[in-house]
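The values are calculated or read from the model by the stated rules, or taken from the named source; none is laboratory data. Note that this is a predicted model, so its numbers are computed, not measured. For neighbour counting, all protein chains shown are included, and Cβ atoms are generated from backbone atoms with ideal geometry for every residue, glycine included. Areas reflect the complete protein model, heavy atoms only, side chains present, ligands, DNA and RNA absent. Shrake-Rupley method; radii C 1.70, N 1.55, O 1.52, S 1.80 Å.
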Amino acid sequence: MAEVKVKKEANLSDPAEVENRIKELCQQFPQGITDQVIQNDLPHLEPQQRAMAINKLLSLGQLDLLRNSSGLLYRLKDSQSSSKMKGSDNQEKLVYQVIEDAGNKGIWSRDIRFKSNLPLTEINKILKNLESKKLIKAVKSVAASKKKVYMLYNLQPDRSVTGGAWYSDQDFESEFVEVLNQQCFKFLQSKAEAARDSKQSPMVQRNSSFATSHEVWKYICELGISKVDLSMDDIETILNTLIYDGKVEMTVIAAKEGTVGSVDGQMKLYRGVNAVIQPTGLVKTPCGLCPVFEDCHEGGEISPSSCIYMTEWLDF
């Protein structure tokens, strides 16, 4: 017979037992508990006793006070966070917790105000104080150059914030991307030419003309043309742009687990290709590639006279 665990009733006359029970509830629900959860677990506890127990745990730095759409949440505090925020008031702890929950994607001051329900002037004061203590940092986001997001001081910002390798000080490095495009294509072309010169059977030539993204990544790293560390994902992004340009094709093959460049038992292979025929002049115009061609007409929201792509093409 399975063992049945019976919850031990807390001694409501002993404040220490009530506090321990609240901490046990927080351990059971790591994401946090509401006041209603405590009421359901301790239905005979007086509201004043409950408030006193919660306030004591908050003052001792053993609980975090959070806010979500349903109201206030109480969460067991991490011991490391507790030591960092020693001496801070509850408002400062609340703002720090909101920023910590945002992770390495950061959070705008507007969203901090919404989640903490504190005045903007108070939030700005707290943010400056936390920055001076080197507990948080402000990072400019490529999504909105005039806005800053806040995150913990020791975190590395997410690519969605910094733009990754393609951005420098919120500016898109178009020349750097173009150089990488050229070098990746050059590597795949040279591999295809070496395969053709091998004088082997057509199938062997075709198979040997492919390269993995890891091989392309290694070639780019050895060239030393990048001042930043490029990842395999960065190189695959460049290779994808070459695919869209019709210069490269990709195929997927099965691969052994643990093979360099394989993901879930599959590996992507790339090779440079030459166009079978040159595209006609009409296709080279912006209209020939325009996805909203059918919606374009004079006097409409999309029209030839206001088309920036047509203007750039004619100027060229």
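Quick look at the values:
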{"item": "Pairs with Cβ under 6 Å, 6+ apart, first in the range 289-300 and without any contact (Cβ under 8 Å) to a residue 40 or more places away in the chain and assigned to a helix (DSSP H, G or I), second open to solvent by less than 100 Å² (accessible area, probe 1.4 Å) and aliphatic (A, V, I, L, M)", "result": "ASP295/ILE302"}
{"item": "Filter result (modelled with pLDDT of 75 or more, outside any helix (DSSP H, G or I) and more than 22 Å from TYR96 (Cβ to Cβ)) within the range 143-178", "result": "GLU173"}
{"item": "Any hit, the range 45-61, residues being surrounded by 15 or more Cβ atoms within 10 Å (Cβ to Cβ), at pLDDT below 80, under 27 Å from the mean Cα position of the chain (by Cα) and under 24 Å from SER132 (Cβ atoms)", "result": "no"}
{"item": "Hey, SER303 surrounded by 13 or more Cβ atoms within 10 Å (Cβ to Cβ) and modelled with pLDDT of 80 or more or not", "result": "yes"}
{"item": "Cβ pairs under 8 Å, 6+ apart, first in the range 200-217 and closer than 20 Å to LYS186 by Cβ, second among the β-branched types (Val, Ile, Thr) and open to solvent by less than 70 Å² (accessible area, probe 1.4 Å)", "result": "PHE210/THR251; SER213/ILE235; VAL216/ILE235; TRP217/ILE235"}
{"item": "Residue in the range 128-143 that is within 30 Å of THR241 (Cβ to Cβ), touching a Pro at 6+ places or on another chain (Cβ under 6 Å) and not assigned by the TED database to the domain that holds ASP229 present", "result": "yes"}
{"item": "Residue in the range 133-142 that is nearest to ARG110 (Cα to Cα), counting only those that are outside any strand (DSSP E or B) and modelled with pLDDT of 80 or more", "result": "LEU135"}
{"item": "Any hit, the range 93-109, residues being of a type in the set (Lys, Arg), touching a strand residue (DSSP E or B) at 6+ places or on another chain (Cβ under 8 Å), under 24 Å from THR162 (Cα atoms) and modelled with pLDDT of 80 or more", "result": "yes"}
